[in-house]
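Novice: Starting off with a structure, shown below.
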Amino acid sequence: MTDQTPTFDTLDVTVSEDGIATVRLANDPVNAISQPMRHELADALDVLREDRVRVVVFAGTPKVFSVGADVGLFEEAQEWTTAEFRRNSRVLGRVFDGLETIEKPVIAAIEGTCVGGGLELALACDVRIVAPDATLGFPEHNIGLIPGLGGCSRFVQLVGPGVAKDLIFSGELIDGAEAADVGLVERVEDDPAAAAAAYAEDLLEGPPQALGLAKRAVNTARDTDTRTAGFVESLAQSTLLKTADHEEGVAAFREDRDPEFTGE
């Protein structure tokens, strides 16, 4: 079967036969999120939405995940109107929102430098696996800006307002271990890429609809009141009760064997 995955200039996107999509940032030398990368990330999101994809992994290189937008882009943006700036920002904003809402697990494997928009990309993922000596943070204040695509809004949800304001005010960069201590990342591994690949393989053994709806229910609980979140949770459960995967899970439990989930 021919792989229909498109090719990109700033990304390396692959989809394995079993459904793991890997998006490797490939914009040398520092994986800056340039205008071309913004649009290619939007195109890559269409690939990630395809039914053949079950789990997504984002990665960079051993030295740099991404430094975010380079200064040259902001120099170019000085010539834009505010409407033009917002229009260009929406391209990347829709990518981050899409990753957050897609009903599939999205994992970030972070090595090296992950700052600014690169960290905002990682924040839009569901689980962040980081190297102990990685470097994370928001240095935007150095050029008179703030983290503007989730660096404030998503960051505070993970670390709380005090830590978020402290790290954004100071521009302090922290390592992977410190990031875990403040709740910015979920796992610290010596080889994040290998750990993310193994994690993705494990998730393939799970029921796809249940994983997707668990993500939706947790995000709803984060973003709304308990009553609404509970309703979504109950509705998701009532949907899953009618799936073939639930029936298979019960049968496998009764027969003392591993379930074989199909996503049906």
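Novice: With every protein chain left in place, what is the accessible area per residue of the chain in square angstrom, probe 1.4 Å?
Specialist: 52
Novice: Take each of the peptides 233-239, 29-35, 15-21, average the number of other beta-carbon atoms within 10 Å over its residues, and list them starting from the highest.
Specialist: So the peptides 233-239, 29-35, 15-21, ranked by packing, come out 29-35, 15-21, 233-239.
Novice: In nm, to one decimal, how far is the Lys242 label point from the Ser89 one, both placed 7 Å along Cα→Cβ?
Specialist: My value for the distance between the label points is 4.2 nm.
Novice: Could I ask something else about it? Computing the accessible area with a 1.4 Å probe over protein heavy atoms, can you report the carbon and sulfur percentage for the chain?
Specialist: The computed percentage sits at 52.
Novice: Right, here's the next one. Expressed in nm², what is the orientationally averaged projection area of the convex hull enclosing the Cα positions of the range 10-51?
Specialist: If I average the Cα hull's projected area over directions, I get 2.9 nm².
Novice: Excluding Asp12 itself, calculate the net charge of residues whose Cβ lies under 11 Å from the Cβ of Asp12, where each Lys or Arg counts +1 and each Asp or Glu counts -1.
Specialist: -1
Novice: Take every Cα-Cα pair in the range 156-213 and report what % of them are more than 17 Å apart.
Specialist: It works out to 56 percent of all Cα pairs.
Novice: Can you give me the long-range amide H partners of Val64? Hydrogens built in the peptide plane at 1.01 Å from N, cutoff under 5 Å, separation of 5 or more residues or another chain.
Specialist: For Val64, whose amide H was placed from the backbone, the distant partners under 5 Å are Thr113.
Novice: Also, quick follow-up: Taking a temperature of 25 °C and a viscosity of 0.890 mPa s, what whole-number D in µm²/s does Stokes-Einstein yield for the chain with Rh from Kirkwood over alpha carbon pairs?
Specialist: 126
Novice: Moving to a separate point now. Could you tell me which GluC sites (Glu not before Pro) in the range 112-196 are loop residues by DSSP with no more than 14 other beta carbons within 10 angstrom of their beta carbon?
Specialist: Sites meeting the loop and neighbour criteria: Glu172.
Novice: Label-point separation (nm) for Glu255 and Glu17, each offset 7 Å from Cα along Cα-to-Cβ?
Specialist: 2.4
Novice: For Ile110, what residues show an amide H to amide H distance below 5 Å, using hydrogens built from the backbone and excluding near sequence neighbours?
Specialist: Hits under the 5 Å cutoff: Ile129, Val130, Ala131.
Novice: Provide the per-residue ³J(HN,Hα) series for the range 191-203, in order, calculated from phi with Karplus coefficients 6.51, -1.76, 1.60 and θ = phi - 60°, each as a whole number of Hz, with x at glycine and proline positions.
Specialist: These are the phi-based 3J(HN,Hα) values: 10, x, 5, 5, 5, 5, 4, 5, 4, 4, 4, 4, 5 Hz.
Novice: In degrees from 0 to 90, rounded to the nearest 10, what is the angle of the helix 208-223 Cα long axis to the longest principal axis of the chain?
Specialist: 50
Novice: Can you give the relative contact order of the chain as a percent, counting alpha carbon pairs under 8 Å and 6+ residues apart?
Specialist: It comes to 15 percent, rounded to a whole number.
Novice: What is the range 72-216's relative contact order, in percent, from Cα pairs under 8 angstrom and six or more apart in sequence?
Specialist: Dividing the mean separation by the residue count of the range 72-216 yields 27 percent.
Novice: Once the Cα atoms of helix 226-240 and of the chain are each reduced to a long axis, what angle between those two axes, in degrees from 0 to 90 to the nearest 10, is obtained?
Specialist: Helix 226-240 and the main axis of the chain meet at about 50 degrees.
Novice: Ok, one more. To the nearest 10 square angstrom, how much accessible area does Lys165 have with a 1.4 angstrom probe?
Specialist: 110
Novice: Turning to a different aspect of this structure: When a/c is below 1.5 the answer is rounded, else prolate if a/b is larger than b/c, else oblate, so apply that to the range 119-231 with a ≥ b ≥ c taken from the square roots of the Cα gyration tensor eigenvalues.
Specialist: Since a/c reaches 1.5 but b/c is at least a/b, the shape of the range 119-231 is classed as oblate.
Novice: Right, next: Please turn the phi angles of the range 37-54 into ³J(HN,Hα) values with the Karplus equation 6.51 cos²θ - 1.76 cosθ + 1.60 (θ = phi - 60°), one per residue in order, whole Hz, x for glycine and proline.
Specialist: Result, rounded to whole Hz: 5, 3, 6, 6, 4, 5, 5, 5, 4, 4, 5, 5, 7, 5, 4, 5, 8, 10.
Novice: Two decimals, Cα atoms only, Kirkwood Rh: what is Rg/Rh over the range 47-183?
Specialist: With Rh from the inverse mean 1/r over Cα pairs, Rg/Rh is 0.97.
Novice: Would you work out the relative contact order for the range 84-157, in percent, from Cα pairs under 8 angstrom that are 6 or more residues apart?
Specialist: 31
The values are calculated or read from the model by the stated rules, or taken from the named source; none is laboratory data. This one's a predicted model, so the numbers in the text were calculated from it and none came from an experiment. Reconstructed Cβ throughout: ideal geometry from the backbone, glycine too, with neighbour counts over all protein chains shown. Only protein heavy atoms, including side chains, enter the accessible area calculation; ligands, DNA and RNA are left aside. Shrake-Rupley method; radii C 1.70, N 1.55, O 1.52, S 1.80 Å.
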